[in-house]
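**Student:** Before we start, here is the structure in question, set down as structure tokens.
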Amino acid sequence: MMHAYATSSDCRRGRCGTPRTAPSRAASHPLALVHQTVGNRAVARAVLQRTPAAPAAPTFAPNCNEFHRCNVIEGLTMARTVVDGTIAALTPIAAGTVTTGSVVTRLTTEFHDPDAKGRAALVLAVYRLLRTELDAAIRFNCDSEAGDCTSAHGGVVGAYTNCAAGAEIGLCSAFHVVGCAEQVRFLIHEYAHHLPGFCADLAYSDQPAFATLTAAQAMVNADSFAFFAVNVSSPAGCVDCGTVIQIGGPRRRRY
Ligand SMILES: [Zn+2]
């Protein structure tokens, strides 16, 4: 089976992918290669400095067809809903009014900090920044033949982007064959790479290294935020573009 995955060297060049399927152990990233210099306080400051903008429609390169556009437009709509739901779940934890429950358990486990209230406040600040980025005017490229769609180790990448706010996101053919819920996770993952300090993929959620990240590492790991969000706020009910595009008559949607 081919594994979707971006190599560490890809990430150091600033282009990081999302795994399509569970990467093998052999594909694990060497964590020692990564050094993060942007701490939690830098992220929190960036939140305060950003002014909420009206949602912008994504734009598309000519190589994106209607199916591709549907996957992005519907995926982004659900990604915003998922992140809104995650923020709503974290807010009472950060306030100290919720101290137990499945979200608290998941938060302290996946962000590797027993202090749920304190960690929730930090994680919440990142999700608010991510939510703003989800409304940015992002251009999508659907050149699935691009070199970025194949890792140096022979894996297949689902999507890739540069680690800068507003950067274009590339969609590989693998992105379009996963279910819509997985596409939502991919999109949250790629948008997270646009936040300060999120250049490297320290561990994907299905890698053993994910369980041994430090709290500081999890705070700048794109898949930590994508995985937590879709588990706290399910993308259930996401639109299957393969279905809506094939429907004829008045129920047919156009993208
Ligand atoms: Zn990534």
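The values are calculated or read from the model by the stated rules, or taken from the named source; none is laboratory data. This is a predicted model, so every value here is computed, not measured. Cβ coordinates were reconstructed from backbone atoms using ideal geometry, including for glycine residues, and neighbour counts include every protein chain displayed.
**Student:** Please go through the stretch 141-162 and pick out each residue that is touching a helix residue (DSSP H, G or I) at 6+ places or on another chain (Cβ under 6 Å) and away from the ligand (no atom under 16 Å from the Cβ).
**Tutor:** Listed by number, the residues that qualify are 142, 144.
**Student:** Which is among the hydroxyl-bearing types (Ser, Thr, Tyr), under 20 Å from residue 222 (Cβ atoms) and in a helix (DSSP H, G or I), of 105, 86, 91?
**Tutor:** Working: 105 fails: under 20 Å from residue 222 (Cβ atoms); 91 fails: under 20 Å from residue 222 (Cβ atoms).
Exactly one of 105, 86, 91 is among the hydroxyl-bearing types (Ser, Thr, Tyr), under 20 Å from residue 222 (Cβ atoms) and in a helix (DSSP H, G or I), namely 86.
**Student:** Additional query: Do we have any residue at all in the stretch 163-183 that's within 15 Å of the ligand (Cβ to nearest atom), of a type in the set (Phe, Trp, Tyr) and either closer than 21 Å to residue 148 by Cα or over 16 Å from the mean Cα position of the chain (by Cα) (or both)?
**Tutor:** Scanning the stretch 163-183, I find at least one residue that is within 15 Å of the ligand (Cβ to nearest atom), of a type in the set (Phe, Trp, Tyr) and either closer than 21 Å to residue 148 by Cα or over 16 Å from the mean Cα position of the chain (by Cα) (or both), so the answer is yes.
**Student:** Just checking, does the stretch 198-212 include any residue being surrounded by 19 or more Cβ atoms within 10 Å (Cβ to Cβ), under 14 Å from residue 127 (Cα atoms) and at pLDDT 95 or above?
**Tutor:** Looking through the stretch 198-212, at least one residue is surrounded by 19 or more Cβ atoms within 10 Å (Cβ to Cβ), under 14 Å from residue 127 (Cα atoms) and at pLDDT 95 or above.
**Student:** Let me ask another. Test residue 228 against the stated conditions and say whether it is more than 23 Å from residue 111 (Cα to Cα), out of contact with any Cys (no Cβ under 8 Å at 6 or more places or on another chain), crowded, with 22+ Cβ neighbours inside 10 Å and not acidic (Asp, Glu).
**Tutor:** When the stated conditions are applied, residue 228 does not pass them.
**Student:** While we're on this one: Applying the selection to the stretch 74-104, what residues are of a type outside the set (A, V, I, L, M), surrounded by fewer than 23 Cβ atoms within 10 Å (Cβ to Cβ) and under 23 Å from residue 56 (Cβ atoms)?
**Tutor:** Scanning the stretch 74-104 gives 74, 77, 80, 81, 84, 85.
**Student:** Out of the stretch 191-239, which residues are closer than 17 Å to residue 179 by Cβ and within 14 Å of the ligand (Cβ to nearest atom)?
**Tutor:** 205, 206, 226, 227
**Student:** With under 27 Å from residue 90 (Cα atoms) and in contact with a Leu (Cβ under 9 Å, 6 or more places away or on another chain) as the only criterion, which of 121, 137 stands out?
**Tutor:** 121
**Student:** Out of (1) surrounded by 15 or more Cβ atoms within 10 Å (Cβ to Cβ); (2) under 21 Å from residue 230 (Cα atoms), the odd one out for residue 142 is which?
**Tutor:** (2)
**Student:** Name the residue, out of 144, 151, that is modelled with pLDDT under 95, of a type in the set (S, T, N, Q) and either under 14 Å from the mean Cα position of the chain (by Cα) or under 22 Å from residue 238 (Cβ atoms) (or both).
**Tutor:** Selected residue: 144, the only one of 144, 151 that is modelled with pLDDT under 95, of a type in the set (S, T, N, Q) and either under 14 Å from the mean Cα position of the chain (by Cα) or under 22 Å from residue 238 (Cβ atoms) (or both).
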